[in-house]
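Here the structure is laid out as structure tokens; the discussion comes afterwards.
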Amino acid sequence: MPKSHTPGVPKLLRVLNDQAALKLLLDEGPQTRAQLAERTSMSKVTASQMVERLQERGLVEVVGSKSGGRGPNASLYAAVPSFAYVVGVEVGPVTTKGACADFTGRIVGRAETDVAGSADPVAVVRRVVTDAVADAGVEMGGVERVVLGTPGVIDPTSGEIGFSWNLPAWHRGLRTALNEELAPTVTIENDVNLATVAEQRSGGAGGAADFVYAWYGGGLGLGVILGGQLYRGATGAAGEIGFLPVPGGELPTGGVVTRLSKGSYQRVVGGDAVVEIGAKHGFGGSEPEEVVAAAVAAGPEGAAFLDEVAQGMALGIVASCVLLDPTVVVLGGPVGYAGGLELAGRVAAHTTQLAPVNPSVVAGTVPDEPVMRGAILLGLDAVRAGLFD
């Protein structure tokens, strides 16, 4: 009986080898051929062939040499930063920021523009993208992907904005219009989901496969990672925790606008509520994160305020944990980052008192532009995945 064979297997193995080597170079920096062979469990001959293929495609280059003892120095290879660029865009109610990053993830250009009062979101995004790319000193043709982070619900099927109550001009059809306007592929993602990705890769989640990221600021949100993947829900509304009915939070009544902006949990620990609790305890400030930071700095005098806020936060954390049973809960958003370990410890204590769940409640460690960083990471993921299709 003749032996069967699968012609596609050698090609698939080459692709998998190339992917593994490129990921290693991107994650850990320059490597010699011998190091690549050892780290990817390949033979030296296979590793050499792999490096040649990546060089031919312009993905890697020689960046130096390393002494190996006897014999000549070994060449060090690294990913080529200029192979491709992505732009991350963070949309807020007042300003929109953009950052252009190279193939290795290093930010090389920035831009910022006003949003307040603008009725033309396409023009706003076009300006911040082109300005960030110009600041990087690269051509728009080198940009492969633009990822836009915005508040609101994103339809997972169409990729369009379903609604964003504090950005009424940012509506359904925006993604289509942007893709017609800009050469790079444009995708839109919820801002809390992007911050979740940033904390998953390089923050407090520590790479956990099942965790939730709780965003506390003017508004509330929850990013969910299950089985290592971002969970968006059937309509993209997974994690809109501000609408969760909780004790102490009046249930919303009235028209659609009221329901979308004043959910029960939002009334308990949303931005306005934190400011009010702060005033009751003698801590003033126009923004909730300012009030929390002042209470943390006050030491023992701020304990009562932090405990009251933590108790309110625990209501939503417990509800999420008894449903999802994550290993880690990361507190983020402006309030979560301002509260740090002081607030996280108190939330953990209240959580264990309310239900038989005991997740590790930790403070987020990516306080600087988590939404932007998440947008860049997802953009690079898409570019790198497309290399080996």
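Observations on the model:
- Candidate set: the range 349-377, residues that are touching a helix residue (DSSP H, G or I) at 6+ places or on another chain (Cβ under 7 Å) and of a type in the set (Val, Ile, Thr); chosen: the one modelled with the lowest pLDDT: Val357
- Just one of the listed residues (Val347, Val335, Val366, Val357) is in a loop (DSSP other than H, G, I, E, B) and either in contact with a Lys or Arg (Cβ under 6 Å, 6 or more places away or on another chain) or farther than 18 Å from Ser202 by Cα (or both), and it is Val357.
- Among the residues examined, Ser48 does not qualify as out of contact with any helix residue (DSSP H, G or I) (no Cβ under 7 Å at 6 or more places or on another chain) and surrounded by fewer than 22 Cβ atoms within 10 Å (Cβ to Cβ).
- Residues of the range 24-47 satisfying the condition of being farther than 21 Å from Pro72 by Cβ, without any contact (Cβ under 8 Å) to a residue 12 or more places away in the chain and in a helix (DSSP H, G or I): Asp27, Glu28
- Qualifying positions in the range 29-56 - charged (D, E, K, R) and under 29 Å from the mean Cα position of the chain (by Cα): Arg39
- Selection of the range 360-380 for residues being over 12 Å from the mean Cα position of the chain (by Cα) and free of Cβ contacts under 8 Å to residues at least 60 places away in the same chain yields Ser360, Val361.
- Just one residue in the set Gly223, Gly203, Gly228 is modelled with pLDDT of 95 or more and of a type outside the set (Ser, Thr, Tyr); that residue is Gly223.
- Looking only at the range 171-189, and only at residues there that are surrounded by 18 or more Cβ atoms within 10 Å (Cβ to Cβ) and charged (D, E, K, R), the one that is farthest from Arg126 (Cα to Cα): Glu189
- Residue in the range 75-87 that is within 30 Å of Gly333 (Cβ to Cβ), in contact (Cβ under 8 Å) with a residue 60 or more places away in the chain and crowded, with 18+ Cβ neighbours inside 10 Å present: yes
- Verdict on Asp325 being out of contact with any strand residue (DSSP E or B) (no Cβ under 9 Å at 6 or more places or on another chain) and either at pLDDT 95 or above or closer than 21 Å to Val291 by Cα (or both): no
- Residue count for the range 210-245 under the criterion of being surrounded by fewer than 23 Cβ atoms within 10 Å (Cβ to Cβ), within 16 Å of the chain's Cα centre (by Cα) and without any contact (Cβ under 8 Å) to a residue 40 or more places away in the chain: the result is 5.
- Among the residues of the range 343-352, the ones that are in contact (Cβ under 8 Å) with a residue 24 or more places away in the chain and surrounded by fewer than 18 Cβ atoms within 10 Å (Cβ to Cβ) come to 1 in all.
- In the range 95-108, of all residues being within 25 Å of Tyr77 (Cα to Cα) and either without any contact (Cβ under 8 Å) to a residue 60 or more places away in the chain or assigned by TED's automatic domain parsing to the domain that holds Pro30 (or both), the one that is surrounded by the fewest Cβ atoms within 10 Å (Cβ to Cβ) corresponds to Arg106.
- Qualifying residue in the range 119-133 (condition: farther than 24 Å from Glu189 by Cβ and among the polar types (S, T, N, Q)): no
- So Leu380, is it of a type in the set (A, V, I, L, M, F, W, C) and at pLDDT below 95: no
For (1) within 21 Å of the chain's Cα centre (by Cα); (2) under 18 Å from Leu194 (Cβ atoms); (3) modelled with pLDDT under 95, each residue gets a yes or a no:
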position	(1), (2), (3)
Phe83	no, no, no
Val94	yes, no, yes
Ala134	no, no, no
Pro151	yes, yes, yes
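- Among the residues of the range 314-332, those identified as not in a helix (DSSP H, G or I) and not aliphatic (A, V, I, L, M) are Asp325, Pro326, Thr327, Gly332.
The values are calculated or read from the model by the stated rules, or taken from the named source; none is laboratory data. Source: prediction; values computed, not measured. Counting neighbours? That spans all protein chains shown, and the Cβs are built from the backbone with ideal geometry, glycine included.
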